[in-house]
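Comments concern the structure below.
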C-alpha cells in the first residue's frame, strides 16, 4: 500500500475524506434534495407530478378545511370544443391540453360542474401548486383585513413593516403594491437563471428569509406610474397582512376564507426557513377548491347569503383606475392586459365582456366570465412554458373563450 513519508496511509486519508463528505451530505441531505428537486422541477418527464407534491420537498403550513363543504352539483355535461382559433391558427383542443401538460380541467356554470377531467394520473385529491394564482387569494384576504379596519391601503408599506425602511418599498403606497405599480426594480424572467425571481426561488431550496429578500430590493421608478409585474409585491402584501392581523397567512386564511368558503380539502402553503408563507405563489389545493374560490369571486364574494369577501373590495379589485393599469387591444402579450388588485383583466371583446383571471406560471388558471356565470380552472405543468416565450397564456385565453361560447348552447 502506498504511504506518505510519515507513514500515513493514502487509503486511510481518502477514507477519512470520504467519511467527512458522507457526514456532510447526511447533514445537508434536506438541502441537497431540495436543490435536486429544484433543478429537475420542470423536467418534462416529471413536471406534472412535481406540481402536486411540493410538501414532500419544502417546508409547509396547512390550511384546514371545515366540516361544512360547499356542495357542487353536477350540471348538464359540456362537450369540450374540438378546435379553437388563435389569431388565424386553428388548434385542436385535446392536443393543446396534452401539449401544455394539463393535469386537470374544471368548468363550472351557474355553480354546477359541467366538465371535470383529470389527465396524467392527477386525481381529485391531488393538491396542485397554484403559483401566481395564489396572488388573487391574497387579494381576497387583504380585502377582509381592510374591511376590519386593520389595513389602510392609502398608507405606506413600511408603516406596517418597519423592516422595509431603506428598501425600495419605503414610502410606497400599499395601493400601488396591490396594483403591481410599486416602482421596485425586479427581473421576473423565469428563463434567466440569475433573475430576481429565480434568486428568490433559491431561498426556498437552500433556506433563508423571504422578508430579508424583499427588504434587499431597490426602487427603479416612481410608484404608481408604471405597471411592472413584480411577484415580490405580493410577498410584501403578505408581510403587511401578517403584521396587521397578528396571524400567519395560513391561520388567517383558514379562519376567514377557507372554512367559510366551504373547501372540501385541506390546502397548504410552502414556507421559508422562518415559517413565512410564499404568498406570491406557494398555495397548494385540489381542483374543485380552486373552482369554489372562482365561484366565490364570481358571486361578488358571497356564498349562500353570507358575504365572505367584502363586495366593495371585489368590485374595486377589478377596476383599472389609472392609465398604466388599463388593458390594450392586443391580448397576445400580457403586457397589454389590465391589472386590478392582484387580478388580471384581459382585453374585453363584445362576446367576452368583463372577464377576469388569476394566472400562474406553467399554466395555472382561474378564468371567470360573469356574463355567462362561468368559471374555468386549468392546472398544468407545461414544460414548454418559457421555451415558447409564454405564448401559452394568450392561447389558453382563446381556448377558454371557445369553451365559454360552447357553454352558450346549454
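Tabulated results
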read-out: For region 47-407, alpha-carbon Rg and Dmax in angstrom; value: 19.0, 57
read-out: Two-site FRET efficiency, residue 218 against residue 321, from Cβ-Cβ distance with R₀ of 25 Å, rounded to 0.05; value: 0.40
read-out: Rounded to 10°, Cα long-axis angle of helix 392-407 versus longest principal axis of the chain; value: 30
read-out: Mean separation of Cα contacts under 8 Å (6+ apart) over length of region 47-407, as relative contact order %; value: 26
read-out: In degrees, nearest ten, helix 134-147 long axis to first principal axis of the chain (Cα); value: 70
read-out: MRE, 222 nm, helices only [DSSP H, n ≥ 4, -39500 (n - 2.57), over the chain, to nearest 500]; value: -9500 deg cm²/dmol
read-out: Two-site label geometry, residue 391 and residue 44: point separation in nm, points 7 Å out along Cα→Cβ; value: 1.7
read-out: Ratio Rg/Rh [Cα only; Rh per Kirkwood] for region 132-173; value: 1.03
read-out: C-alpha center-to-center spacing [region 79-138, region 176-252] in angstrom; value: 28
read-out: Principal-axis tilt of helix 196-206 within the chain, Cα atoms, nearest 10 degrees; value: 60
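Values quoted throughout were computed directly from the atomic coordinates according to the rules given, and no laboratory measurement underlies them. Just so it is clear, the model here is predicted, and its values are computed rather than measured. Neighbour counts run over all protein chains shown; Cβ positions are idealised from the backbone, glycine included.
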